[in-house]
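Derivation of every value follows stated rules applied to the coordinates shown; laboratory data play no part. Worth saying up front: this structure is predicted, and the values here are computed from it rather than measured. In this analysis, Cβ positions are derived from the backbone assuming ideal geometry, glycine residues included, and neighbour counts consider all displayed protein chains.
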């Protein structure tokens, strides 16, 4: 990106950016990040990030393998209704009109179960989640669809991701009323949903239900309950579960420790998060990019950008390619310290290494540039997203709109809003939720 290269060559924008990029890229692991040097170098020791020989034990959970979501190409019948629903989604949101479209399609084409699985897959994205819910609810009432336990469980899981706990509970009741077995898979999903909703008592209750129904809690059930304790801020209780599962013969895996690190990260207890990471390494559990990202996030939240960068660099040295989330978290760690030059230097370095920047990373850059009044740079990043067909989300547009507003270009902001609306991307004040408070805290300094 030309604008980023130019910005990278400028003098530091803030006093916090005086350390050279060369020093930043050559960081040695600080004492606070107790990742042994042989791990960072990817040696063949048991604790090595890249070559750990330990493997997660195979789960004994029920796996649905008899029917893939989509077999082969999307059917013509599915394509027809997908097109009609997309048109409906762009022009109106009346549920009755949607159900009329679906009823007409079903009567005319006599669809099979496979057709509808294709349809659901096409809308199984966060931006289309509300449409997916309506499509699923309609399909469950159709005899030809023959909804099974897998379908109900997937819908319950989607409701959980959308923080619609009551709908998840209602769907579980529908599932049981339809004669489907309430197995450990769906019960574990419910533990996760209650955990994220900060309803720890209900999560514990479902965990006990697993035992009462004659199931033996497995690694996923334990992990879900540990995460629930983490969301509730009860990390001591979560670690007691770690001892309990070990005593029960359930071997902790990477997700187990990752859940604990994330829990301590939410409480900004860096030393505890690092201790859990060290414990995991000492026990020979495979270290993944995900767990490194969790540790990176913990350091970033407390403003320790140097330690966060050390973890980020060790991730790359160990052979992992940082994903969109990891890069975004590293950018946010720099943003908390107003280290724009370091952030831009990292972005340039990653691009030179052939690592593609994702939607969340570029969206974060747009927000940061906008906050600093660097409108030209924000526009350059947005154009780059369009040019490279990177997914542009409502949040991305909302931040670009805000960048124009901050620069006093209200007419251009309105023009931008209309252009994006014409492309089917609608955004409003709700798209600012989740990052306006963080931005405000950054501006207070």
Residues of region 115-150 with amide N under 15 Å of the 7 Å Cα→Cβ point at residue 76
115
Inter-label distance for residue 181 and residue 425, nm, one decimal - labels placed 7 Å from Cα along Cα-to-Cβ:
4.6 nm
Sorted by Cβ density within 10 Å, fewest first, the residues 342, 129:
129, 342
Going fewest to most other Cβ atoms within 10 Å around each Cβ, 385, 420 line up as 420, 385
If you build the Cα gyration tensor of region 86-228 and take the root of 5 times each eigenvalue, what three semi-axes come out, in whole angstrom, biggest first?
31, 17, 11
Over region 253-338, what is the mean sequence separation of C-alpha contacts under 8 Å (at least six apart), divided by residue count, expressed as relative contact order in percent?
28 percent
Taking 176, 384 and counting other beta carbon atoms within 10 angstrom, the fewest-first order is 176, 384
If you average the C-alpha positions of region 259-320 and of region 212-235 separately, how far apart do those two centres end up, in angstrom?
22 Å
Spin-label model distance (nm) - residue 283 vs residue 211, 7 Å beyond Cα toward Cβ
2.0 nm
Compare the peptides 273-283, 301-311 by average per-residue count of other Cβ atoms within 10 angstrom and give them in order, highest first.
301-311, 273-283
Expected unfolding gain across residue 121-residue 170 under the 0.36 nm per residue rule, minus the alpha-carbon gap, is 15.4 nm
Gyration tensor on Cα atoms of region 253-338, a ≥ b ≥ c root eigenvalues, a/c under 1.5 rounded, else prolate if a/b beats b/c, else oblate, says oblate
For the pair residue 269/residue 109, report the inter-label distance in nm, with labels modelled 7 Å from Cα in the Cβ direction.
5.3 nm
Could you tell me which of rounded, prolate or oblate describes region 134-185, using a ≥ b ≥ c as the square roots of the eigenvalues of the alpha-carbon gyration tensor, with rounded for a/c under 1.5 and, failing that, prolate when a/b is larger than b/c and oblate otherwise?
oblate
Could you work out the mean projected area of the convex hull around the alpha carbons of region 158-255, in square nanometres to one decimal?
6.2 nm²
How would you rank 219-232, 107-120, highest first, on the average number of other Cβ atoms within 10 Å across their residues?
219-232, 107-120
